[in-house]
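Data block below; observations after.
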Amino acid sequence: MQRHPGLVLSFIILVAILAAFFIFPQNFGLRNSPWRLGLDLVGGSHLIYKIDLTKVPSGDQNSVLNGLRDVIEKRVNLFGVSEPQVFLSRSADGDNLIVELAGIKDIKDAIKTIGETPLLEFKEVQGNGSSTEFITPLFTVNGAQVTLTGRHIKSAQLNFDNTTSKPEVAISFNDEGAGFFEKMTADNVGKPIAIFLDNNLIEAPVVQQKISGGQAVITGSFTLKEAKAMVERFNAGALPAPITLINQQTISATLGTNSLEKALLAGTIGTLLVMIFMVVYYRFFGVFAVAALIIYILLTLGIFKLFSVTMTLAGLAGFILTIGMAVDANILIFERIKEERKKGLAFSSSINEGFKRAWSSIRDSNISTIITAVILYFFTSSFVKGFALTLLIGVLVSMFSAITTTRLLLKAFIKDKPVSKT
């Protein structure tokens with residue numbers, strides 16, 4: 001990079017141009033994946049569910065809550081909802097599950113997609129004919145009584161019988177579920193075990209023998225389509241605890257569009273003012289700062305879209321904040337270069353010394369911001385996480401822009417004046 005600054009700079013500019021095509025495909029007649037926008041920008045449905053953990057031992061509640069969140073994400077994705085945001089909220093009043101469905105305007109469809117009590121349960125069948133009863137067996141764990149539910153299922157998949165080629169459903173239980181299922185099948189050899197999803201009977205296979213090892217296969221007269229649907233229900237509906245809808249909101253797409261337009265306008269105006277200030281105050285150096293800033297913006301937005309970062313109002317705020325931080329690093333560098341020039345150093349030497357002396361300040365300030373962004377991302381809600389993620393990515397790219405891009409621009413276009421011979 002020291003020997004061929006022009007070559008490296010050309011590569012960075014080329015990547016920035018490709019990023020521009022990737023970011024703004026509608027301007028070039030290209031087809032590309034759309035931006036991933038959050039609920040506050042595109043509109044949609046906001047649902048809050050109350051989680052019932054009364055039958056879950058206290059030591060298992062954290063794993064149950066995490067499993068619940070994962071299963072709801074799978075369930076929503078299964079029904080084709082675009083980019084759902086599912087997260088947990090714990091408070092003194094209890095545990096809640098928050099579901100944000102961007103682009104879903106009909107809240108009835110959203111509720112139907114998730115289901116108010118999507119719970120998978122295994123029950124014993126007693127009696128015959130009209131007197132048939134479904135009894136939920138209880139198992140004791142650490143002094144608490146629990147039932148065999150979806151939280152004990154690791155996965156389900158579609159298989160085919162080696163002899164008849166008929167479809168069958170293979171279920172894999174976790175360690176605790178394997179023990180419960182073994183006891184349940186041992187007590188019901190020759191009898192059916194009923195499987196309920198959302199309180200609806202989906203299958204009642206007859207137990208042929210005691211099943212050990214946590215692996216079970218459901219066979220029957222169902223078709224391939226029915227078997228696929230059963231696998232989807234097991235994987236998407238295997239909730240470890242019941243949930244009840246307690247709050248629902250619909251966010252208008254118009255409101256989201258207005259918020260997006262205002263955020264983009266404010267960001268554009270702020271960026272232009274920063275560019276004007278740099279050119280007016282630093283003149284020749286300011287032109288390089290503006291060029292580096294444009295490259296920074298294109299690269300950062302390209303990374304956001306490439307890695308499908310969900311853009312929210314908070315996320316946009318984090319990105320806009322990093323624009324100012326990127327220029328701040330250039331200001332430190334330019335001031336150091338000016339000091340070295342006053343000492344009589346040549347341009348090339350003053351550039352090297354300026355970057356060298358400014359680096360420690362740039363490094364320390366950005367590391368503190370990175371630490372803050374990481375803490376915000378891992379210990380806050382999804383709203384703040386959007387801000388933290390864009391801030392973190394922006395800071396990392398801004399460090400590259402200030403130290404690499406700006407330096408290459410200066411080295412490529414500023415040369416020392418030749419010494420006149422007398």
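No value in this document is a laboratory result; all are computed from the given coordinates. What you see is a predicted model, and the numbers here were worked out from it, not measured in a lab. Positions of Cβ are backbone-derived with ideal geometry, glycine not excepted, and every protein chain shown enters the neighbour counts.
Residue by residue, the stretch 212-222 carries 3J(HN,Hα) couplings of 10, x, x, 10, 9, 10, 9, 10, x, 8, 6 Hz when phi is fed to the Karplus relation 6.51 cos²θ - 1.76 cosθ + 1.60 (θ = phi - 60°); x denotes Gly or Pro.
Taking amide H atoms as placed 1.01 Å from N in the peptide plane, the amide H of Leu148 lies under 5 Å from those of Phe122, each 5 or more residues away in sequence or on another chain.
Here the simple spin-label model places points 7 Å from the Cα toward Cβ, and for Leu158 and Phe307 these points are separated by 3.5 nm.
Classified by the C-alpha gyration tensor, the stretch 363-403 has an oblate form. Its axis ratio a/c, with a ≥ b ≥ c, is 1.5 or above, and a/b does not exceed b/c. Mean projected area of the Cα convex hull of the stretch 316-382, taken over all directions, amounts to 5.0 nm². If you take the square roots of the eigenvalues of the alpha-carbon gyration tensor of the stretch 295-337 and sort them as a ≥ b ≥ c, do you get rounded (a/c under 1.5), prolate (a/b over b/c) or oblate? Note, shape of the stretch 295-337 comes out oblate.
Once you've got the Cα coordinates, tell me which of Lys55/Lys108; Lys55/Lys225; Lys305/Lys385; Lys50/Lys191; Lys123/Lys228; Lys356/Lys385 are over 24 Å apart. In this structure, Lys55/Lys108; Lys55/Lys225; Lys50/Lys191; Lys356/Lys385 exceed 24 Å between Cα atoms. Long hydrophobic helices in the chain: the complete DSSP H runs spanning 15 Å or more by Cα along their own axis with mean Kyte-Doolittle hydropathy of at least -1.0 are 5-23, 61-78, 175-187, 224-237, 253-282, 284-306, 313-342, 347-379, 382-400. All distinct Cα pairs of the chain go into the 1/r average, and the inverse of that average, the Kirkwood radius, is 26.0 Å. When DSSP assigns beta bridges and you keep just the ones with both residues in the chain, what percent turn out antiparallel, to the nearest 5? Looking only at bridges with both residues in the chain, the antiparallel portion is about 95 percent.
Computed from the C-beta positions of Ala144 and Glu335, the FRET efficiency with R₀ = 56 Å rounds to 0.25.
Considering only Asp95, Asp175, Asp70, the mean-square fluctuation computed in a Gaussian network model of the chain, springs between alpha carbons under 10 angstrom, is largest for Asp175. Residues considered: Gly127, Gly190, Gly286. Largest GNM mean-square fluctuation over the chain, using C-alpha springs under 10 Å, is found at Gly127.
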